[in-house]
Amino acid sequence: MGSSSLVIASGAAPDSQGIEGLTSAEASARLARFGPNALASRQRFTILRQALRFFTNPLVIILLLASGVSASLGEATSAIIIFVIVALSVAIDTFQTARSQQAAETLRRSVALTATVLRDGAWGEIERRAIVPGDIIRLSAGDLVPADATLLESHDVYAQEAALTGESLPTEKHAAGPAPTPPGADAAQPTPEQRVYLGSSIISGAAIARVTATGRATEFGEIAERLRARAPETEFERGLRGFGMLILRTVFFLTLFVFLVNLVARRDPLESLLFAVALAVGLTPEFLPMITTVTLTRGAVHMAKQHVVVKHLEAIQNFGGIDILCSDKTGTLTSGEMTLGASLDALGAASDRAEELAAINSRLESGIRSPLDAAILRAVEAKPALQAASESAVKVDEIPFDFERRRLSVVADVGGARLLITKGAPESMLPLCVAYETDGASAPLDEQARAAVEAVFAERNARGERALAVAMRAAPGQTRFTAADERDLTLVGFVCFADQPLPDAAEALTALASDGVRVKILTGDNELVARHVCAAVGLDASQLVRGAEIDRMTDAALGQVAERAIVFARVSPAQKNRIILALKRRGHVVGFLGDGVNDAPSLHAADVGVSVATAVDVAKDSAEIILMRPGLSVLHNGILEGRKAFGNVMKYLLMGTSSNFGNMFSMAAATIFLPYLPMLPSQILLNNLLYDLAQISIPTDNVDASYIRKPHRWDIRAIRNFMLLIGPISSVFDFLTFFLLLRVFHAPETLFHTGWFVESLATQTLVLFVIRTAGNPFKSRPSRPLVVTTLAIVALAMALPFTPLAAPLGFTPLPFALLALIAAMTVVYLALVNVLKRPLMRERAGNQPAGALAGSLAGAWGRWRKTLQRPHSG
């Protein structure tokens, strides 16, 4: 374990309770000494570091070595071209990535977790990274503990320390007693019950504590070091890795083949090596990291405008890929603004007694203040007598709420009597009650009375109201209480709450369903309330599943049930977790929307954890997406932005793999029958650079509405199929160009190089206008930057042979007739790709399942063959 026994000297002016904090100067000095309060050092982005990272690319190293070798052999032009291409690539990659990193960091800071710290004699919020040993911090229910600390003051504090101890139940904490240390004796070390630790969270109560250790010096530091091993791959990372392996295999075999063919043909070994290296560079989409980062960052910025903040860019693709969203109904289907509608006695008659005791319980409890507590306290403000009674009560002890008991108890001195007052879910309260109150009198809770009581809250639930049972018993003389003391209670009555459905909930649910996202409600409320609310917003609750039923199911059975059911009532946090994992095992991308302490495990378990800006720290820390405004419509807009970002990444991949593969395949084939290299290494690199420049505006492109209507996931097989079909089509037109150059124009080497350079760049660049959409390219409008950059690059390629740079680059002016034929072939090529792309891209538009390509093409071939074989009448 990390050390946590630092001796801290206090400083600065004391606060109102006589507790001293640090000054800003002391805090700065300690931050420099101990470092930021983080378990892993976060490298700051710098332009220099990003540029150096680019030079670690093996292909870039090979290019620089090739440039040096070329220069030493007198090939100055080739050396300069290679160096300029590398320098431009570094500049573009660094500039674009820097802008994206700055934008992403701004978004991350907007949702950074803070802590309440005493500095310069005043309490204020600072980022948790800035906390130092010696700081005085204030903790309350729902807070993550920002560092190891010793409690100086505490009030009914319970901490969840499962991450440290594995113990699922909360641990009670209390400050050290006031007894002074005897002269000459060592200061007593605080016990574990007097300390709180980084990695834990406050379940209930409030405390002031002095920080003793931060970052890696905390008790959690050693655990964190073990956890610093790479986290499991996200689907986005897994997809990129699969794509990288596909390109690596293709590059290796193709370049090895070309190099060996050139050696067999007894061509210059150095020139052959440079040609093979240039071929590898031409086939590799080296701008993929930059294009991906820029695209995802633009998506994150657009999502922020829709009030959705992404903490990690990789989460955008998973967010767009969600096909099932699990959420509580409160704040999702309903406003979350609870109002107290009625206070009843045990048999349903109007009575203020339940409201009075509930108000005492809510005012004195120190746990996370729920919307129900807020509604109770608002209601009693309009009733002076009840408010005075609740304010006069003096707290003795508390038994905090937990999601197994579903209740909370407060012990208080009320009007000279010591009472244990409990409120909670009726189902968990009734077994603890032995009597009930009505008309100010108490009676035994027999079977007949129990049935009458159950009918009262069932009727309220059927109206969509949520009922809390309120019970109490006398507790004279006792000062310390546990959950075992919640017994022999007298049921006082019920307080009933209404939570109105959101006006746009039904519309948002319909919009999500039309875009391929099914919403499942996981609520702790009972089935009657859940059914009523779901019916009000148009959700089918006919197949409702209760938490008790889930406990009796195996994981396999739960998976089948979770697939069909829409509403799960009376579910615990552990059961929510099981439902999410069951859906993931069935191949779904699952999002979970939660904002409470109990939601943290489910936020971790989901593919995408979503929380809101008003959530407790534990939930926000666990989530990858933060909604700055609650509501399904906000979340829906964020999902669509995520799909747009992923759609633009896929455009780059499809275009890059198909066009590059086709051109490199043509080059490999041409080396077999040509007496010279089909294109000089410097020309290949220039072709590749211009091609990459044409694509830097892809992140700005528009995405078809048909694409964003369905969730999408990585499909490496579809990318491979696209490459293997569309790539050779471009090779057919390359071979036609070879024929025209050699047989019609009798082109010498320089004219051949120039003609193919222009044709290959025109076809592989302009094909983006066809590949960028699954539909008619004339009906899908590209973005203006994309049009400008693409056409400008093609124009530049056609103009280069007529400029003073032609001779150093190995070009010669092209005949007008050849330019006209190249233009005509390009148009025919684009038209053919537009026809052949459709069976390949139907899945991208959501009209055909992944993997249906082979069947589609085979079916088309079979129909065509039958047509040829059909006998014709004379």
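FYI, it's all coordinate maths here, none of it is from the lab. Nothing here was measured: the structure is a model prediction, and the numbers come from that model. Please note: Cβ atoms are built from the backbone with ideal geometry, for glycine as well, and neighbour counts cover all protein chains shown.
Are there trypsin sites (Lys or Arg not before Pro) in region 320-371 that DSSP puts in a loop and that have at most 15 other Cβ atoms within 10 Å, and which ones?
Values: sites: 329, 353, 363, 369; in loops: 329, 369.
Here the sparse-neighbourhood loop sites are 369.
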Exercise. Go through 584/651; 311/644; 576/620; 329/576 and tell me which ones have a Cα-Cα distance over 22 Å in this structure.
Key: 584/651
Quiz item: Among 627, 650, 591, whose Cα lies farthest out toward the positive end of the dipole of region 583-658, if unit charges sit on the beta carbon of Lys, Arg (+1) and Asp, Glu (-1)?
Solution: 650
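By average Cβ neighbour count within 10 Å, what is the ranking of 126-135, 489-498, 454-463, 305-314 from highest down?
Working: 126-135: 21.4, 489-498: 24.4, 454-463: 16.8, 305-314: 19.4.
So the peptides 126-135, 489-498, 454-463, 305-314, ranked by packing, come out 489-498, 126-135, 305-314, 454-463.
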Quiz item: Given H placed on each backbone N at 1.01 Å, which residues far from residue 143 in sequence or on other chains put an amide H within less than 5 Å of it?
Solution: 202
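Quickly rank 424-432, 525-533, 199-207 as a protection proxy: mean count of other C-beta atoms within 10 Å, highest first. Mind dumping the intermediate values first?
On the way: 424-432: 18.0, 525-533: 21.7, 199-207: 23.8.
My ranking of the peptides, most packed first, is 199-207, 525-533, 424-432.
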Practice problem: Based on the mean of other Cβ atoms within 10 Å per residue, sort peptides 717-730, 804-817 so the most packed one is first. | Solution: 717-730, 804-817
Practice problem: Give, in whole angstrom and from largest to smallest, the semi-axes √(5λ) of the equivalent ellipsoid of region 474-521, with λ running over the eigenvalues of the Cα gyration tensor. | Solution: 47, 15, 9
Quiz prompt | When region 434-572 is reduced to its Cα atoms, the Kirkwood hydrodynamic radius in Å | solution = 17.9
